[in-house]
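Beneath this line is the structure, given in structure tokens, with notes to follow.
The values are calculated or read from the model by the stated rules, or taken from the named source; none is laboratory data. Everything quoted here is computed from the prediction, not taken from an experiment. Don't worry about glycine lacking a Cβ; one is built from the backbone with ideal geometry, like all the others, and counts go over all protein chains shown. Please note that ligands, DNA and RNA were not included when accessible areas were found on the heavy atoms of the full protein model with its side chains. Shrake-Rupley method; radii C 1.70, N 1.55, O 1.52, S 1.80 Å.
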Amino acid sequence: MKVIYTDVLIIGGGLAGLRVATGVKERGHEAVVLSLVPPKRSHSAAAQGGMQASLANSAMGEGDNEDVHFEDTIKGSDWGADQRVARMFTHCAPKAIRELAHWGVPWSRVKRGDHQSIINAQKVTISEKDEAHGLITARDFGGTKKWRTCYTSDGTGHSMLYAMDNKAHEDRVEIHERLEAMALIHENGRCYGAVARNLMSGELVAYVSKATTIATGGYGRIYEVSTNAIICQGTGQALALESGVATLGNMEAIQFHPTAIVPVGILTTEGCRGDGGLLLDKDGYRFMPDYEPDKKELASRDVVSRRMTEHMRKGKGVKSRYGDHLWLDITILGREHIEKNLREVKEICENFLGIDPAEEWIPVRPTQHYSMGGIRTKHTGESQTLKGLYSCGEAACWDMHGFNRLGGNSVSETVVSGMLVAEYISDFLDSSDSDITIHTKNVEKFVKTEQAKLDKLLENEGGEDAYVLRRRMEKIMMEKVGIFRNGKDLKEAVDELEELLKRSKNIDVFRSKSRAANPALVNAYRTQKMIRVALTVAMGAYLREESRGAHSREDFPERNDEKWLKRTITSWPDTEQTLPTVTYEDIDISEMELPPGFRGYGKDMTIHNSATKEAQEKVDSIKAKMEAEGKDRFEIQEALMPFKDILPKKYQGKNERLTERLENE
Amino acid sequence: MSKDKAPRILKIDILRFDPHDPEDFPSMERFEIEESHGMTLFIALNDIREHHDNSLKYDFVCRAGICGSCSMLVNGRPTLACRTLTSKLDEHITLAPLPLFELIGDLSVYTGKWMRGLNEKLETWIHDKENELNVDKLEEKMEPELADEIYELDRCVECGCCVAGCGTIQMRPYFKGAVGLNKIARYHLDPRDKRSDEEYYELIGNEDGVFGCMTLLGCEDVCPKDLPLQSKIAYLRRMMLKTAVKN
Ligand SMILES: Cc1cc2nc3c(=O)[nH]c(=O)nc-3n(C[C@H](O)[C@H](O)[C@H](O)COP(=O)(O)OP(=O)(O)OC[C@H]3O[C@@H](n4cnc5c(N)ncnc54)[C@H](O)[C@@H]3O)c2cc1C
Ligand code: SF4
Ligand code: SF4
Ligand code: FES
């Protein structure tokens, strides 16, 4: 048995995982990163549009700060987010972006003077200040009050990931590529690392570590069509789930992005609409202002996706052999703008649709895009139930997105959560609490269990075809657990998935019997894991009898704060279970800085919680009193919901802005 | 492919080989599949794996021409398979793994490992010892045009197409390739990287670097990101000559 010992095992080499790795290295701990693919090929590279951070450098970002970013994030989440976590996040996002600038990301910059821009289909002139010249600029994104999304053309994720991976090179972080974590090693509620499989040689390796971090990204590929990379299969969530001890949060919270191209589902960034692009129907009519007169194309993602679906259901979609779609028109932005700021989009249109988006409209429709749910953790990133297991990035639910995440908040979350979790892990490692003793015999047990599972798949005969099961699962998720959901379909989805789960125990890897690199074997065991993850999504959606953020029930159209202001927690304590165990975690209104309110889209259908009114009055009176006393925004915030003391010391400082200069010490 | 015509039957010849299997030897295998509308090689190869031979190895990740995983020889030419529409190809297609890189099996090659080695050798990160970062403070300014120029070169996806298309590398296994030279050009342009011309010279002022390049430009022709490799290599060569003369 091959065993590798390290302080911190990090499963996942995307933005989140790499940021944890460099962070713990800096604090003097050893780290090994496992990744299915060379880290630079991780899904993070695909993020196009940008990263939110309230720098307030550009004219349209003036007046922006942590408070505005916080409010946008909470409203976006439909009050599902953990407000303290969202505070930690918005406070640290400017620090994270400045760090990335220092490490080489060529962020697009503010240029002084007048610029033409398109806002609400009108040409407008924006004037940038002299003193902002050369600072990081930002573009508009959906659901935000200010232009806050910083970018490098439309290759933001690529530039961030390259800078991060290069930093990891510099720091000599050990990276083991083409390795797949298969199971967590744990005993008595303590995580000791993971068993991993080398995807080239087939060898199983045990990694034993004091802290283990899952940063494996989302689970979009349980859907038939998704904007996600094909490796976003939820294997990380499955790792946690199959431990039987760790839990998952809000798995039913799935985001659909308004503009993926038809039929292949490749994304065109929200930057298209942020920069002034429009959505048109089959008559070339701009329909969004009819539904959302205020934010129009730039309403929150969940809202735009639903409005588009509604409009297509009214027969206004463009018919195609792949079903209905709508148009995204960016021709009005002009060729120069497209070739400079939206060139990835242009390449995608040319290569996958054979069209020139400066001349022609792009066929789009809402498509699975982001996983708000994930491994449930405390604000430190540590699992609530399995000690020594951490998670961050899209894989986790520490919960800053609630039921809908804002565009640009995700890559931002990866680096912020990465830098924070690295500190919390390092603190843990510096304490004697992290000491471990585990018998090699027990480590071996986990390796043997994995080996036995693989043997069974390879030796089975006359069993099920994994591809057939997987395609069926993907279809069920598409058709029954989609943008609009209802009790009847969801019940059928749960029943059918349960049936698939039972059948998946009898998968047979036929023909391709190699124990080394073997795509058929990989597909077989991942299908088993994916069905399990899909069940947590379907089950959570079926039980949640309300509509919140991206979770939209036709049979329960109102957001119900009285009954459902809580997080869904799923686990799988017994491997013989055919359905997940579901419990709930209450969200406490009295602890909120921003008590539940109306998001401002469509008609207000909220069923309010009886505690909301009181909480709001309390907040209002504290604010009024302190404002009268001349207190500043930091003091007022501190009084409403203190969070600084739970941040690592080095990240507690205030953020400098052009209008909020820090004293030079 | 027009709507009315019967779909084409594609004849795809794939160079197969499993280096982990001592009994195996390289051979061409033909698969026939029906073309569908908007089919890319990503879709075609998945079709083959799912319906004809589930042991077929290849590497796709983003399937959107972004991550650089899927480079292979398509009819002899290095390119990203995921964004190659079959409609742009003849019905007879030949696929082979990218040469010069470690073969994992069939069309799957380990470009990532080669790139890692390259990055380590060239130290492709910002070198700045003096400047302690204070994350609370305003970021350092940069001219907007310069940021754009750096991004232009930062767009390389490490796909290895330029390496596979390079004549020099066949003779000089340690040649840094257009990908390496482009990276140096990128960091040299970046004022945040404080390395001196002499330090850069140490890295590429030799036959395995910029002086090994024969400017035949196989690289620029095949780069899927259309990087301006030719002008950057020419620029580096001039700069290196100047540095050599100075010392
Ligand atoms: C097309 C697209 C565009 C986007 N654009 C934006 C944007 O403009 N702004 C924004 O904020 N967000 C955007 N997002 C979302 C954002 O890109 C992701 O949420 C984020 O990059 C996730 O980063 P991560 O580090 O958590 O995970 P990932 O980058 O997905 O990395 C996961 C890592 O885990 C590894 N891994 C997975 N499973 C295993 C396993 N079992 N064993 C070992 N390793 C494993 C993988 O190899 C990979 O290295 C976009 C998403 C998509 C799909
Ligand atoms: S120009 Fe230089 S780097 Fe490019 S292919 Fe020719 S020899 Fe190789
Ligand atoms: S320079 Fe172009 S061809 Fe070479 S690795 Fe980079 S993107 Fe690929
Ligand atoms: S799969 Fe990412 S570039 Fe082809």
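Against the numbered list (1) in contact (Cβ under 8 Å) with a residue 12 or more places away in the chain; (2) surrounded by fewer than 16 Cβ atoms within 10 Å (Cβ to Cβ), A:K146 comes up short only at (2). Just one residue in the set B:V157, B:V179 is away from ligand 2 (no atom under 16 Å from the Cβ), crowded, with 21+ Cβ neighbours inside 10 Å and more than 19 Å from A:L55 (Cβ to Cβ); that residue is B:V157. Restricting attention to the stretch B:58-75, the residues that are modelled with pLDDT under 95 and more than 15 Å from ligand 4 (Cβ to nearest atom) add up to 0. For B:T111, the conditions (1) farther than 30 Å from B:L217 by Cβ; (2) of a type in the set (V, I, T); (3) within 10 Å of chain A (Cβ to nearest Cβ) all hold with the exception of (1). Does A:N523 satisfy the condition of being within 14 Å of another protein chain (Cβ to nearest Cβ) and either more than 20 Å from A:E252 (Cβ to Cβ) or in contact with a Phe, Trp or Tyr (Cβ under 6 Å, 6 or more places away or on another chain) (or both)? Judged against the criteria, A:N523 is a match. Restricting B:L100, B:L107, B:L95, B:L80 to residues that are modelled with pLDDT of 95 or more and within 16 Å of ligand 3 (Cβ to nearest atom) narrows the list to B:L80. Show me the helices (runs of 4 or more DSSP H) entirely contained within the stretch A:9-110 in which 2 or more residues are among the acidic types (D, E). Counting at least 2 such residues, we get A:66-76.
Set side by side, the residues B:D208, B:D136, B:D193 differ, and just one is within 14 Å of ligand 2 (Cβ to nearest atom), modelled with pLDDT of 90 or more and not assigned by TED's automatic domain parsing to the domain that holds B:C70, which is B:D208. Hey, could you check the stretch B:139-188 for residues that are within 16 Å of ligand 4 (Cβ to nearest atom) and assigned to a helix (DSSP H, G or I) and say which is nearest to the other protein chains (Cβ to nearest Cβ)? Among those that are within 16 Å of ligand 4 (Cβ to nearest atom) and assigned to a helix (DSSP H, G or I), it is B:V179. Determine whether B:T168 is among the polar types (S, T, N, Q), within 16 Å of ligand 1 (Cβ to nearest atom) and either open to solvent by less than 20 Å² (accessible area, probe 1.4 Å) or touching a residue at least 12 places away in the same chain (Cβ under 8 Å) (or both). In short, no. Count of the stretch A:166-210 residues, restricted to those that are more than 8 Å from chain B (Cβ to nearest Cβ) and part of a helix (DSSP H, G or I), is 1.
Considered as a group, the residues in the stretch A:352-399 that are within 23 Å of the chain's Cα centre (by Cα) and of a type in the set (V, I, T) include one that is most open to solvent (accessible area, probe 1.4 Å), and that residue is A:T385. Of the helices (runs of 4 or more DSSP H) lying entirely inside the stretch A:287-406, those containing at least 3 residues that are in contact with a Phe, Trp or Tyr (Cβ under 6 Å, 6 or more places away or on another chain) are A:301-311.
The residues of the stretch A:97-137 that are within 14 Å of chain B (Cβ to nearest Cβ), in contact with a Ser or Thr (Cβ under 9 Å, 6 or more places away or on another chain) and small (G, A, S), listed by number, are A:G104, A:S108, A:G113, A:A132. With away from ligand 1 (no atom under 16 Å from the Cβ), closer than 20 Å to B:S27 by Cα, under 18 Å from the mean Cα position of the chain (by Cα) and in contact (Cβ under 8 Å) with a residue 12 or more places away in the chain as the only criterion, which of B:A96, B:A81 stands out? That would be B:A96, the only listed residue that is away from ligand 1 (no atom under 16 Å from the Cβ), closer than 20 Å to B:S27 by Cα, under 18 Å from the mean Cα position of the chain (by Cα) and in contact (Cβ under 8 Å) with a residue 12 or more places away in the chain. Inspect the stretch A:28-36 for any residue being out of contact with any Phe, Trp or Tyr (no Cβ under 7 Å at 6 or more places or on another chain), crowded, with 24+ Cβ neighbours inside 10 Å, free of Cβ contacts under 8 Å to residues at least 40 places away in the same chain and within 13 Å of chain B (Cβ to nearest Cβ) and give the result as yes or no. No, the stretch A:28-36 contains no residue that is out of contact with any Phe, Trp or Tyr (no Cβ under 7 Å at 6 or more places or on another chain), crowded, with 24+ Cβ neighbours inside 10 Å, free of Cβ contacts under 8 Å to residues at least 40 places away in the same chain and within 13 Å of chain B (Cβ to nearest Cβ). The single condition from (1) open to solvent by less than 40 Å² (accessible area, probe 1.4 Å); (2) in contact with a Phe, Trp or Tyr (Cβ under 8 Å, 6 or more places away or on another chain); (3) within 16 Å of ligand 2 (Cβ to nearest atom) that B:M115 fails is (2). A:D67 meets the stated requirement of being open to solvent by 30 Å² or more (accessible area, probe 1.4 Å) and either within 23 Å of the chain's Cα centre (by Cα) or modelled with pLDDT of 95 or more (or both).
Confirm whether B:R30 is open to solvent by 10 Å² or more (accessible area, probe 1.4 Å), more than 11 Å from every other protein chain (Cβ to nearest Cβ) and more than 16 Å from ligand 3 (Cβ to nearest atom). Criteria met by B:R30. For the stretch B:26-38, the count of residues that are closer than 29 Å to A:G217 by Cα and away from ligand 2 (no atom under 16 Å from the Cβ) is at least one. On the given criteria, is A:T125 part of a strand (DSSP E or B) and surrounded by fewer than 22 Cβ atoms within 10 Å (Cβ to Cβ)? When the stated conditions are applied, A:T125 passes them. Of all the criteria given as (1) closer than 27 Å to A:D154 by Cβ; (2) of a type in the set (D, E); (3) touching a residue at least 40 places away in the same chain (Cβ under 8 Å), the one not satisfied by B:D197 is (1). Residue count for the stretch A:223-248, restricted to those that are surrounded by fewer than 24 Cβ atoms within 10 Å (Cβ to Cβ) and within 16 Å of the chain's Cα centre (by Cα): 2. Among the residues of the stretch B:218-234, those that are of a type outside the set (K, R), within 16 Å of ligand 4 (Cβ to nearest atom) and open to solvent by less than 50 Å² (accessible area, probe 1.4 Å) comprise B:V222, B:C223, B:P224, B:L227.
Checked against (1) open to solvent by 50 Å² or more (accessible area, probe 1.4 Å); (2) at pLDDT 95 or above; (3) within 13 Å of chain A (Cβ to nearest Cβ), B:L15 passes all but a single condition, namely (3).
Results for (1) modelled with pLDDT under 90; (2) open to solvent by 10 Å² or more (accessible area, probe 1.4 Å), shown as yes or no for each residue.
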| site | (1), (2) |
| --- | --- |
| A:L279 | no, no |
| A:Y285 | no, yes |
| A:P289 | no, yes |
| A:R301 | yes, yes |
| A:M308 | no, no |
| A:H311 | no, yes |
| A:V318 | no, yes |
| A:G323 | yes, yes |
